[in-house]
Amino acid sequence: MREILFVKPIFKTMIWGGNRLRTDFNYDIPGDNVGECWAISAHPSGDCEIKAGTYKGETLSRLWTNHPELFGNRKEKAFPLLIKIIDAKKDLSIQVHPDDAYADKYQPGSFGKTECWYVLDCDENTEIVIGHNAKDKKELVRMIDEKRWKELIRVKPIKKGDFFQITPGTVHAIKAGTMLLETQQSSDITFRLYDYDRLDNGKPRQLHIKESIDVISCPHRDVVIDPKITGWEGGTITELINDKHYTVQKIDIDGTMAMEQDKDFMNVSVIDGEGEIDNIKIAKGDHFIIPFGYGQFSLTGKMSLIRSFIDNRA
Ligand code: ZN
């Protein structure tokens, strides 16, 4: 039987980051401004290592290239997904991502970025930026020129357990006081539209106004999230989104649940509690990939997980 691939997270210091990846997740993080944990990633900007077993010390990108059989021999040149935990102590810049076609023109070989957020925790009265109020591109350009940010940007309140799908072309920003798990296409292309006129080491961070205007969808349309909950012996599975780029589910275990790995690969993150997968101990903060052909497995304990895979029919 194939082995479960446990991966070692990579941490990124950000001007907006905090220390909750240490205080909430017990990770050994470098400093008190860590904004991102790249939990499952084969991206060149953060390529995770396998923690133990046959492939110990291998990077995920090398496994993808040298052992495609572990991932169902998929056609993509690189591992297509990236899982992050984000700790926003301060507001992130207001940004937008390109789709696959624009990304490939902008930086040949790159994926676009569709991403989604599961809110792990947030302060009271926390908000999130999703969408804008311009009715067409002309109005968008005028509002940007005139720096009418407050009027342009759409903000909505959030709470723990909320879920958002951010398609390419959607203006968005995570705001202060939010911890979330992000599932995204493996891409690092971000166009920064507005950064609250903040300074980083005495200088404003680079903006990408032209590229932002190129890719922003007008008018904005929210993606409606309609979670589907199914009960099983030992817990529930909540399907949060089923998109062509990824399917994301929350799994709540209370007892023992029998499952099957029948996808090309499956990413799993433990976001709360502890338990076992096939007699291997797992706890909050662990991330692993169940490879192709693994077959039946069982989850035991009292814990919550987020899993993602690519549904070839979506
Ligand atoms: Zn983003």
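The values are calculated or read from the model by the stated rules, or taken from the named source; none is laboratory data. Not measured: the values here are computed from a predicted model. A quick note on method: Cβ atoms are made from the backbone with ideal geometry, for glycine too, and the neighbour counts reach across all protein chains shown. The area values use the complete protein model at the heavy-atom level, side chains included, leaving out ligands, DNA and RNA. Shrake-Rupley method; radii C 1.70, N 1.55, O 1.52, S 1.80 Å.
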For the range 44-72 the number of residues that are without any contact (Cβ under 8 Å) to a residue 24 or more places away in the chain and of a type in the set (Val, Ile, Thr) is 2
Give all pairs with beta carbons closer than 6 Å in which a residue from the range 168-181 that is under 16 Å from residue 126 (Cα atoms) and touching a residue at least 24 places away in the same chain (Cβ under 8 Å) meets a residue that is within 12 Å of the ligand (Cβ to nearest atom) and not in a strand (DSSP E or B); count only pairs at least 6 apart in sequence or on separate chains. 173/92; 174/92
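Is it true that some residue in the range 22-42 is assigned to a loop (DSSP other than H, G, I, E, B), within 22 Å of residue 187 (Cα to Cα) and in contact with a strand residue (DSSP E or B) (Cβ under 6 Å, 6 or more places away or on another chain)?
Restricting attention to the range 22-42, the residues satisfying the condition of being assigned to a loop (DSSP other than H, G, I, E, B) are 24-33, 41.
Filter again for within 22 Å of residue 187 (Cα to Cα), leaving 41.
Checking the rest, the ones that are also in contact with a strand residue (DSSP E or B) (Cβ under 6 Å, 6 or more places away or on another chain) come to 41.
Checked against the condition, which is being assigned to a loop (DSSP other than H, G, I, E, B), within 22 Å of residue 187 (Cα to Cα) and in contact with a strand residue (DSSP E or B) (Cβ under 6 Å, 6 or more places away or on another chain), the range 22-42 yields at least one hit.
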Output for Cβ contacts, cut-off 6 Å, separation at least six or different chains, first residue on the phi < 0 side of the Ramachandran plot in the range 220-249, second surrounded by 17 or more Cβ atoms within 10 Å (Cβ to Cβ) and among the aromatic types (Phe, Trp, Tyr), reads 225/163; 240/163; 247/309
Among the residues of the range 260-294, what is the count of those that are in contact with a strand residue (DSSP E or B) (Cβ under 6 Å, 6 or more places away or on another chain) and small (Gly, Ala, Ser)? 4
Here's a check for you: in the range 73-103, which residue that is touching a residue at least 40 places away in the same chain (Cβ under 8 Å) and of a type in the set (Gly, Ala, Ser) is nearest to the ligand (Cβ to nearest atom)? 93
Residues within the range 104-132 that are away from the ligand (no atom under 13 Å from the Cβ) and of a type in the set (A, V, I, L, M), tallied: 2
Considering every residue within the range 299-309, establish whether at least one is touching a helix residue (DSSP H, G or I) at 6+ places or on another chain (Cβ under 8 Å) and open to solvent by 10 Å² or more (accessible area, probe 1.4 Å). no
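With respect to residue 137, is the statement that it is surrounded by fewer than 13 Cβ atoms within 10 Å (Cβ to Cβ) and out of contact with any Asp or Glu (no Cβ under 6 Å at 6 or more places or on another chain) true? Give the derivation first.
Numbers: surrounded by fewer than 13 Cβ atoms within 10 Å (Cβ to Cβ): no; out of contact with any Asp or Glu (no Cβ under 6 Å at 6 or more places or on another chain): yes.
In short, no.
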Of (1) in contact with a Cys (Cβ under 7 Å, 6 or more places away or on another chain); (2) free of Cβ contacts under 8 Å to residues at least 12 places away in the same chain; (3) of a type in the set (Gly, Ala, Ser), residue 41 satisfies all except one. Which? (2)
Here is a list: 148, 198, 192. Which entry is within 13 Å of the ligand (Cβ to nearest atom) and more than 22 Å from residue 245 (Cβ to Cβ)? 192
Answer yes or no as to whether residue 87 is open to solvent by less than 10 Å² (accessible area, probe 1.4 Å) and closer than 29 Å to residue 199 by Cβ. yes
